[in-house]
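> What follows is a structure written as structure tokens; I'll ask about it next.
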Amino acid sequence: MASRSGASRSDRSLAPDLARLRAKLSDGRAALEAAYRIHAHPGKYLRRHGALVDRVLREVWHVSEVPAELTLVAVGGYGRQTLFPCSDVDVLVLLPDQGVESIREAASALVSRMWDVGIELGHSVRSIEECLIEAAQDVTVQTNLIEARWVAGSKDLFRDFLRAMRVALDPQAFFEAKVLEQEQRHNRFQETAYNLEPNLKEGPGGLRDLTNILWISNASGKGSSWHALADQGIVTRSEARQIGCREKVLQDLRIRLHFQAQRREDRLLFDLQTPLARQLEYADTDARLASEQLMQRYYRTARAVTQLNEIILQNLRAAIVPVCPVEARPLNARFEIRDDLLAATDEDVFERTPQAVLEVFELMQWHPELKAIEAMTLRALWRAAKRIDQDFRSDPQNRARFLAMFRHGQGLTHALRRMNRYDVLGRYLPVFGRIVGQMQHDLFHVYTVDEHILMVVRNLRRFAVPEMAHEYPLCSRLMNEFDKPELLYLAGLFHDIAKGRGGDHSRLGRIDALAFCADHGLSTEDAELMGWLVDQHLYMSSVAQKRDLSDASVIAEFAQVVGSERRLAALYLLTVADIRGTSPKVWNAWKGKLLEDLFWSTRRFLGGDTDPSGPRLQARQKLALEKLSLYAVPEGAHEKLWRTLDTPYFLRHDAREIAWHARVLNYRVETRTPVVKARLSPVGEGLQVLIYMSDQPNVFAQICAFFERMSLSIAEAKIYTTTTGYALDTFQVLDPARTASEYRDIIAYIEHELTAQLLEAGPLPPPVRGRLSRRVRSFPMTPQVSIRPDERGHAWYLSFTAGDRPGLLSSVARVLVDYGISVRTAKINTLGERAEDSFVVTGDALREMRTVIKLESELIAQLSTD
């Protein structure tokens, strides 16, 4: 639709009428909102809102003395009488084909007056011929126009317009265009209705999916309502009622969303979810927030809409698009392949043979050439799913078939997604059904629990596919060496299955996993592995991202928990798949390196190599010298630096870092000015920055503040002090928004500006202040701080968890400076919008319990988002 015309009114005498109509519209909308809040009836509201706008526009038309040749036509959502509170009012000012310029000027003035009375217009001014040309070029315009409804003006011109549109409309072409448009729209939303801030209108399973069906049925003469589709046999009466109920839920949410936002907002944004939940009388419980309960209702509604959309579009295709009869290819007595679709031999197959419900998904898995399930079969399957009960779950044939799908592997992800979409997975596994549509307000998962679980299974399957071996070579190798990959897929299915119940979901999930193993006849050994993986699925990630992996005692402790190389490989594969399945933004190459380092260190330990300071340390030094020899560095140039380093340095840095440090510092070991050097990170993402200078108490805080001002996140800091009192610190910094070339462009700037800042040695700059994200602001988390001594009492472990925000790390560093605490190592772990940072620190203040308690309190105050 065109934007608002800039034409001005020529007759000032209309001002009182327009002011009156503006007040009438405003008062009418306020009355409708007040009435809706008392008794919510979406259909009535939408019709009454449209009728109110009709009356106002007709009065504008009347007082404007519009030429009789013009027609005012409602189109789009306004035309079909589903006008939401803050939606644009789409209108067409229809001109006669032989319209003169004065008529166009009158139409332009009319549009201006509509704006003046407070109507947000989406408008066009066209003749019938121009409408036909635009509709032929753009299916969106054509869609708007087929919903045309007369509002004012010439009815003869409107009837001519309707006849011309009907003649020009090709139902088959329109069907194909709208189906393609829907696919493209779904792709924009990553093909999932389970994003945590879903779009009620445009997202998969949203109102647009329902409207799309009615557009197609209306264009093909099959009716423009669910009851009409039932009369035509496209849907059953039961399906018509169900889809009407789902539509009512979505309409109610969208109406309330507009009221709450006071604007045209169709996304269920985090800051709007809680007030909407309160309006609908949801209340927080110990296990679940009110907003989580509201969103679960939405997700389940969207899933039902997606399923009904698929069934009805298949039925409409059969009614609209003629196809040549295709000979069916039998698969067995119950199913056949018909036109690349899986079809039941008759509609009662699930009544006679309930086990055929799972057989559908097994056949789809074994026959990848099948595109989808045929509409009649899908409808029968949907009805049959409601009859999955304990007898069905206890049937040995069903249990064997379900397990066989995991053992087959190929096509498993698609099979599980279909089972979830058609409500079979949650009925067969009631513990899974409880988490369907369950939100996760942990600030780093961006999918619901069920969608995340299926993402994890998908990631595990990708490790087993040879074509994907280039993505994660180690994972692919380990998966292909693993003797029973189905146990990993099942562990992925159960790892988060107990979320939302309260308590430790890992322990509760282990109980569910063991019950499943007992029911499905898995061996004791397999059940123990699967239960252990579910119970420990967070452990490897926690150790890799929070502990000092150069500390032999950390590796020994982790190896003791893991116990065997088989368990180590299984836990590593599940951990990588899990992190990658939380959000596209959480995984990065640095996290991958930490996990891989922990894997190899533990594998060596389990293989008997328990002393990292022996031959392995010498081999690392030798490799560093080999790398150093590749550069034009004088022989023996490393010796002066190495004499100032002790064993912990060589344990905490790999050969590439040791060689790099020696190359940069070989003639600067006793420098009086700071040395700052940066390079592209060897792990493949971000920058590695070396800082070498005479040690000072607030160096770490100054560096944190510098990187925060550059919008660079610190992933890890290796803080080391030489035996001669120099700080030799290595920082890994990241910015997901930057490319490799953009990182390269800032290297010189970092080296120059950070050196200058360290030379000044002045007071710490003020911390960066930035806006909290909507998610952190809407679902604030209570900060947690832990301070405990290490096993030898020489250092302390400091860790905290909090909602992330600009300036967070430098605020913490300032507090540590104030207490005279030095940072030895830092692991900065940002999971989406949740910070989980860990430090090894030293300082006399930590020896006094009273001071430690005070420090914890001050850190919590700094970490709070209030």
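The values are calculated or read from the model by the stated rules, or taken from the named source; none is laboratory data. Quick caveat: nothing in here was measured; it's all calculated off a predicted structure. Methodologically, a virtual Cβ is constructed for each residue, glycine included, from the backbone with ideal geometry; neighbour enumeration extends over all protein chains shown. Note: areas computed on protein heavy atoms with side chains; ligands, DNA, RNA excluded. Shrake-Rupley method; radii C 1.70, N 1.55, O 1.52, S 1.80 Å.
> What's the total number of residues in segment 164-195 that are under 30 Å from residue 582 (Cα atoms) and either touching a His at 6+ places or on another chain (Cβ under 8 Å) or not in a loop (DSSP other than H, G, I, E, B) (or both)?
Of all residues in segment 164-195, those under 30 Å from residue 582 (Cα atoms) come to 180-195.
Checking which are either touching a His at 6+ places or on another chain (Cβ under 8 Å) or not in a loop (DSSP other than H, G, I, E, B) (or both) leaves us with 180-188, 195.
Total meeting the criteria: 10.
> Would you check which residues across segment 743-778 are open to solvent by 80 Å² or more (accessible area, probe 1.4 Å) and either more than 27 Å from residue 697 (Cα to Cα) or modelled with pLDDT under 80 (or both) and list them?
744, 745, 763, 766, 769, 771, 777
> Follow-up question, since we're still on this one. Determine, yes or no, whether residue 329 is over 26 Å from residue 244 (Cβ atoms) and not small (Gly, Ala, Ser).
It is true that residue 329 is over 26 Å from residue 244 (Cβ atoms) and not small (Gly, Ala, Ser).
> Another one. Starting from residues that are touching a residue at least 60 places away in the same chain (Cβ under 8 Å) and in a helix (DSSP H, G or I), keep the ones in segment 652-664 and report whichever is surrounded by the most Cβ atoms within 10 Å (Cβ to Cβ).
Of everything passing the filter in segment 652-664, 661 is surrounded by the most Cβ atoms within 10 Å (Cβ to Cβ).
> Given the conditions (1) out of contact with any strand residue (DSSP E or B) (no Cβ under 7 Å at 6 or more places or on another chain); (2) crowded, with 17+ Cβ neighbours inside 10 Å; (3) among the basic types (Lys, Arg); (4) under 18 Å from residue 94 (Cα atoms), and given that residue 126 satisfies all but one, which numbered condition is not satisfied?
The one condition residue 126 does not meet is (1).
> A further question follows. Answer with yes or no whether residue 280 is crowded, with 20+ Cβ neighbours inside 10 Å and either touching a His at 6+ places or on another chain (Cβ under 7 Å) or farther than 18 Å from residue 46 by Cβ (or both).
Answer is no for this residue.
> Of the residues that make up segment 690-703, is at least one under 19 Å from residue 747 (Cα atoms), outside any loop (DSSP other than H, G, I, E, B), open to solvent by 10 Å² or more (accessible area, probe 1.4 Å) and touching a residue at least 12 places away in the same chain (Cβ under 8 Å)?
Scanning segment 690-703 turns up no residue that is under 19 Å from residue 747 (Cα atoms), outside any loop (DSSP other than H, G, I, E, B), open to solvent by 10 Å² or more (accessible area, probe 1.4 Å) and touching a residue at least 12 places away in the same chain (Cβ under 8 Å).
> Can I ask one more? Among the residues of segment 371-384, how many are within 29 Å of the chain's Cα centre (by Cα) and either buried (at least 21 other Cβ atoms within 10 Å of the Cβ) or not charged (D, E, K, R) (or both)?
Residues in segment 371-384 being within 29 Å of the chain's Cα centre (by Cα) and either buried (at least 21 other Cβ atoms within 10 Å of the Cβ) or not charged (D, E, K, R) (or both): 4 in total.
> Answer yes if at least one residue in segment 375-386 is closer than 21 Å to residue 213 by Cα and without any contact (Cβ under 8 Å) to a residue 12 or more places away in the chain, and no otherwise.
Scanning segment 375-386 turns up no residue that is closer than 21 Å to residue 213 by Cα and without any contact (Cβ under 8 Å) to a residue 12 or more places away in the chain.
> Testing residue 65 on (1) on the phi < 0 side of the Ramachandran plot; (2) open to solvent by 10 Å² or more (accessible area, probe 1.4 Å), one condition comes back false. Which one is that?
(1)
> Also, quick follow-up: Hey, could you check segment 58-102 for residues that are touching a strand residue (DSSP E or B) at 6+ places or on another chain (Cβ under 6 Å) and part of a helix (DSSP H, G or I) and say which is farthest from residue 44 (Cα to Cα)?
61
> Do any strands (runs of 3 or more DSSP E) lying entirely in segment 795-866 carry at least 1 residues that are closer than 25 Å to residue 781 by Cα, open to solvent by 20 Å² or more (accessible area, probe 1.4 Å) and modelled with pLDDT under 85, and which ones are they?
Ranges flagged: 822-831, 834-842.
> OK, next. May I ask you to verify whether residue 19 is aliphatic (A, V, I, L, M), within 19 Å of residue 111 (Cα to Cα), at pLDDT below 95 and open to solvent by 30 Å² or more (accessible area, probe 1.4 Å)?
Yes.
> Among 420, 398, which is the only one that is at pLDDT 95 or above, part of a helix (DSSP H, G or I) and open to solvent by less than 10 Å² (accessible area, probe 1.4 Å)? Show your work before the answer.
Values: 420 fails: at pLDDT 95 or above.
Residue meeting the stated conditions: 398.
> Now for a separate question. Under the condition of being part of a loop (DSSP other than H, G, I, E, B) and under 16 Å from residue 454 (Cα atoms), which residue from segment 477-516 is most open to solvent (accessible area, probe 1.4 Å)?
Only one residue tops the list, namely 499.
> Oh, and also: Could we say that residue 679 is in contact (Cβ under 8 Å) with a residue 60 or more places away in the chain, surrounded by fewer than 20 Cβ atoms within 10 Å (Cβ to Cβ) and closer than 16 Å to residue 751 by Cβ here? First the steps, then the outcome.
Working: in contact (Cβ under 8 Å) with a residue 60 or more places away in the chain: yes; surrounded by fewer than 20 Cβ atoms within 10 Å (Cβ to Cβ): yes; closer than 16 Å to residue 751 by Cβ: yes.
Criteria met by residue 679.
> While we're here: Could you please give the count of residues in segment 558-602 that are within 19 Å of residue 716 (Cα to Cα), among the aliphatic types (A, V, I, L, M) and open to solvent by 10 Å² or more (accessible area, probe 1.4 Å)?
3
> Of the residues 656, 663, 616, only one is of a type in the set (D, E, K, R) and under 42 Å from the mean Cα position of the chain (by Cα); which?
656
> Just to be sure before I move on: is residue 639 open to solvent by 10 Å² or more (accessible area, probe 1.4 Å), acidic (Asp, Glu) and under 29 Å from residue 818 (Cα atoms) in the structure I sent?
Here the answer is no, as residue 639 does not meet what is asked.
> Which residue, of 362, 292, 351, is within 31 Å of the chain's Cα centre (by Cα), assigned to a helix (DSSP H, G or I) and surrounded by fewer than 20 Cβ atoms within 10 Å (Cβ to Cβ)?
After ruling out the rest, the residue left standing is 362.
> Related question: Do we find that residue 347 is touching a residue at least 60 places away in the same chain (Cβ under 8 Å), of a type in the set (Asp, Glu) and in contact with a helix residue (DSSP H, G or I) (Cβ under 9 Å, 6 or more places away or on another chain) in this structure?
Working: touching a residue at least 60 places away in the same chain (Cβ under 8 Å): no; of a type in the set (Asp, Glu): yes; in contact with a helix residue (DSSP H, G or I) (Cβ under 9 Å, 6 or more places away or on another chain): yes.
No.
> Kindly provide the set of residues from segment 139-178 that are within 30 Å of residue 421 (Cα to Cα), open to solvent by 20 Å² or more (accessible area, probe 1.4 Å) and among the hydrophobic types (A, V, I, L, M, F, W, C), ordered by number.
Within segment 139-178, 139, 173, 177 meet the criteria.
> Going through segment 204-245 one residue at a time, which ones are more than 18 Å from residue 77 (Cβ to Cβ), in a helix (DSSP H, G or I), open to solvent by 30 Å² or more (accessible area, probe 1.4 Å) and touching a Gly at 6+ places or on another chain (Cβ under 9 Å)?
Answer for segment 204-245, where residues must be more than 18 Å from residue 77 (Cβ to Cβ), in a helix (DSSP H, G or I), open to solvent by 30 Å² or more (accessible area, probe 1.4 Å) and touching a Gly at 6+ places or on another chain (Cβ under 9 Å): 227, 231.
> Separate question: For a quick check of your reading of the model, give me the residue pairs whose first member lies in segment 434-457 and is open to solvent by 10 Å² or more (accessible area, probe 1.4 Å), whose second is assigned to a strand (DSSP E or B) and at pLDDT below 95, with beta-carbon atoms closer than 6 Å and at least 6 apart or on different chains.
444/831; 444/834
> Same structure again: Has segment 333-344 got any residue that is buried (at least 17 other Cβ atoms within 10 Å of the Cβ), at pLDDT 90 or above, at negative phi and assigned to a loop (DSSP other than H, G, I, E, B)?
Checked against the condition, which is being buried (at least 17 other Cβ atoms within 10 Å of the Cβ), at pLDDT 90 or above, at negative phi and assigned to a loop (DSSP other than H, G, I, E, B), segment 333-344 yields at least one hit.
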